[in-house]
Amino acid sequence: MSILIIPCLIRTKWDINCLQRLLISVQNQSKQFDKVYVIEDASPFSYSLPFNFIEHIRLSRNGGPARARNIGIDKALEQNAQYLLFTDHDCILDKQWNEQMTLFLSQTDFGAVGGMTYSWGKTLLDYYHDINGTLSGKWLLPDKKELWYMPSLNFGMKAEVAKQFRFDEKFPTAAGEDVDLCLRLRSKYKIGFCVKAKLWHDYGYKNSLSGFKRFVKLFMKYKSSSATLYEGHTVLLWDSSESIYSGNAHVTNI
Amino acid sequence: MSLIYRRKFNQSSLSHLINDYMGEMVPFSKRIEKKRFLIPLIFLKTIEWSIYRWYKSPVRRLYGVRRNELIYMITRRCNDRCSKCGIWKTPEPDSERINLKDFIKCLQSLHNNLYQVTITGGEPLLFMEDVLHIAEESRKLNVPMFVVTNGSLITEDFLVKYSNFEHILVVSLDTMEKSKWNEFRGRNHYDKVMSNILLARKILGDRLKIQSVFAYETRDDIPKVKTFCDELGIQHTSQPYMDFGGVWHDANVSSLLDNDMVCAARKNICVYYNGDVVKCFDHLRIPLAREPLGNILKEDIISILSKKRTTEITRLMKNCNLPCKWLSCNIPEPQFLS
C-alpha cells in the first residue's frame with residue numbers, strides 16, 4: 001500500500017496550475033496510489049480541485065511543510081500504509097514513478113529512497129539546476145552505494161522508518177527540513193537511489209533574465225536553513241558527497 | 001575543521017578562498033556538456049557559491065523559533081561574600097563593562113528565538129536601574145525574564161516597578177538558620193533578606209521563586225527551606241553545588257552524575273559583563289572551548305552564533321556530560337513559566 005503526501009501552500013494562480021498538473025500526472029500513474037493526501041497549509045489563496053481521488057486536508061493555520069507532511073504521515077500510518085511517498089506541488093511525476101519507488105523499497109533493504117529529478121523548464125537557469133543537481137539527491141562518497149540525503153520532492157520511506165523519524169517542525173519553510181530528516185534517519189537506515197523513478201520540477205523561470213531574481217532567492221532560502229542544519233548535524237561540515245545529475249546518476253554500485 | 005581555537009577563525013586567507021572557489025568550480029565545469037554555456041554557467045555557480053559563503057541568514061532560522069535562553073551575567077560584583085561561590089573575589093573594573101544599550105541591541109536581535117532571558121551575576125541588583133530597563137525591553141519584546149538575586153538589595157520601589165513587567169524574581173536561599181547565615185553568606189543580613197522575601201511574595205505573588213544550592217554543607221538545611229516555601233506557597237527548586245570558586249563540597253549525589261541525560265545547555269546564549277559570548281558559562285570546562293566565541297562590541301551577535309566554531313562547541317556540549325548539566329540552565333524547557 002503506497003500513499004502519496006503533497007504539502008502545498010498556494011499563493012498564486014501559477015501554484016494552482018502546478019498542483020493541477022501534478023495531480024493529472026498522479027492520475028496517470030501506471031500503478032495507482034492507494035491514497036493521495038493534499039495537505040493544504042492554510043494558503044492565502046482559496047481554490048478547489050476537480051479530482052475525486054485525493055483527500056484534501058485543509059489546515060487552519062500555516063505551520064510550514066514539515067508540519068504538513070507530519071500530518072500526512074500520521075494519517076498514512078493510521079491507514080497502515082507500507083510506503084509513504086512525498087512530492088511537491090510544483091513537480092510532475094513520470095508515469096512509472098509510484099511503481100518504481102515502491103518496487104525499489106519492496107525489493108531492497110533501504111529504509112528510504114530518492115528518485116531522479118529533472119528541471120521542467122528549458123531556460124539556462126533550468127539547465128544549471130540540472131547539471132548542478134540542485135534538487136537531486138547526494139551520493140555518499142566514495143562508494144556511491146547510498147545517498148547522503150534526498151530532497152523531499154522526490155522521496156519515499158517505509159512505514160517503519162516514518163514511525164520513528166518525522167520532519168522537524170522547527171524548520172519554518174521548505175528548506176533544510178528534508179536534509180535534516182535524512183541525516184537523522186541515516187543513523188538507523190540507508191537511503192537508496194532509484195534512477196528509474198523520474199520526476200520533473202518546475203522552478204517557475206519564464207526566461208533566463210527574468211528568472212534570475214528567483215534563482216538568487218532560491219539559494220538564499222536554502223542558505224537560511226543551513227545554520228539550523230549545522231546546529232543539528234555538524235557532520236555537514238565534512239560533507240563528503242556529490243550531487244546527482246544525469247552524468248553520474250548511473251554510477252551506482254547499489 | 002580544526003577544533004583548535006584560532007582567534008581569527010572567521011578571517012579566512014585569500015589562498016583559502018581561492019582553493020574553496022576552485023574546489024567548487026572545477027568539478028562543476030566538468031559537468032557542462034554544452035561548452036558555449038560555460039561562462040554563464042560558471043557565473044551562476046559563482047552566485048550560488050557566494051550566497052552560501054557570505055549571505056547571513058535571518059536569525060529566526062538560526063536555531064528555530066523560541067528555542068534559546070539568553071543569559072546575561074551583568075556583573076561579577078557582589079555585596080555578599082558567600083563561601084559557596086568565588087565570583088565576587090574578582091569584580092570587574094568599570095572600564096570592562098559594556099553599555100546597557102549593547103546588551104539591549106543583542107536582546108532585540110535575538111528575541112524571536114528566545115523563550116527566556118535570565119539576568120545573573122554577581123548580584124544583578126547592584127545595577128537595579130539596568131535590570132529594570134532590561135525588564136521593560138523584554139516585556140515589549142514579549143520575552144519572559146528571570147532575575148536571580150541574593151535578596152539583600154530588594155526594595156519595595158523595585159518590586160513595584162518590576163511587578164509591572166510580570167517577570168520572575170528568583171531569590172537564593174540556602175538556610176533558615178540565622179546562626180549559619182554569616183558562615184554561608186559572609187554578611188549579616190538574615191533579617192533583611194527574610195523580610196524582603198515576605199515583601200516580594202506580597203507584591204510579586206507567584207512570580208517570586210526561591211532557589212537553593214544542595215551541598216554537603218546544606219544537606220540538613222534544604223528540607224527546612226522547602227518547608228518554609230511550601231508554607232508561603234512559593235515555588236522552590238534546588239540544584240547541586242558546582243565549583244565556581246567556592247569552598248563548599250558536593251553532597252555525593254553520584255547517582256545524578258552517572259545519569260546519561262543529554263546536556264541541554266547548548267540552547268543557551270550567554271553574554272558576560274564585558275560582552276564576551278559563550279554557549280554556557282561553564283563551557284571552559286571543555287578543553288577546546290576555553291576562549292569566548294566572540295564579543296558583541298566587536299561583532300554582531302548573529303555573526304558570532306553563525307561561526308562554525310560555535311556549531312562545533314554546541315555539538316561537543318551535547319555529550320559533554322559534565323556535572324554542571326544539573327544546573328537549572330540546563331533544563332531543556334522553560335523552568336518557571338506560568
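Filtering the stretch B:96-105 for residues that are within 30 Å of B:Glu217 (Cβ to Cβ) and either open to solvent by less than 20 Å² (accessible area, probe 1.4 Å) or in contact with a Ser or Thr (Cβ under 7 Å, 6 or more places away or on another chain) (or both) leaves an empty set.
Yes/no per residue for (1) modelled with pLDDT under 95; (2) within 12 Å of another protein chain (Cβ to nearest Cβ); (3) over 30 Å from A:Gly133 (Cβ atoms):
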site: B:Tyr21; (1), (2), (3): yes, no, no
site: B:Met25; (1), (2), (3): yes, yes, no
site: B:Tyr63; (1), (2), (3): yes, yes, no
site: B:Arg67; (1), (2), (3): yes, yes, yes
site: B:Phe103; (1), (2), (3): no, no, yes
site: B:Ser109; (1), (2), (3): yes, no, yes
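Looking across the stretch B:117-129, the residues that are open to solvent by 10 Å² or more (accessible area, probe 1.4 Å) and within 19 Å of B:Val277 (Cα to Cα) come down to B:Thr118, B:Thr120, B:Gly121, B:Gly122.
Only one entry of B:Ser163, B:Ser238, B:Ser254 meets the criterion of being among the hydroxyl-bearing types (Ser, Thr, Tyr) and modelled with pLDDT of 95 or more, and that entry is B:Ser163.
Residue check: B:Phe165 meets all listed conditions (1) touching a Pro at 6+ places or on another chain (Cβ under 9 Å); (2) more than 16 Å from B:Gly151 (Cβ to Cβ) but one, namely (1). Only one of these is surrounded by fewer than 15 Cβ atoms within 10 Å (Cβ to Cβ) and modelled with pLDDT under 90: B:Val213, B:Val247. Name it. Going through B:Val213, B:Val247 in turn, just one is surrounded by fewer than 15 Cβ atoms within 10 Å (Cβ to Cβ) and modelled with pLDDT under 90: B:Val247. Identification of strands (runs of 3 or more DSSP E) wholly contained in the stretch A:41-121 with 3 or more residues that are over 18 Å from the mean Cα position of the chain (by Cα) yields A:54-58.
The values are calculated or read from the model by the stated rules, or taken from the named source; none is laboratory data. A quick note: this is a predicted structure, and the numbers were derived from the prediction, not measured. As a convention, Cβ positions derive from the backbone with ideal geometry for all residues, glycine included, and neighbour counts pool all protein chains shown. For accessibility, only protein heavy atoms count, side chains too; no ligands or nucleic acids. Shrake-Rupley method; radii C 1.70, N 1.55, O 1.52, S 1.80 Å.
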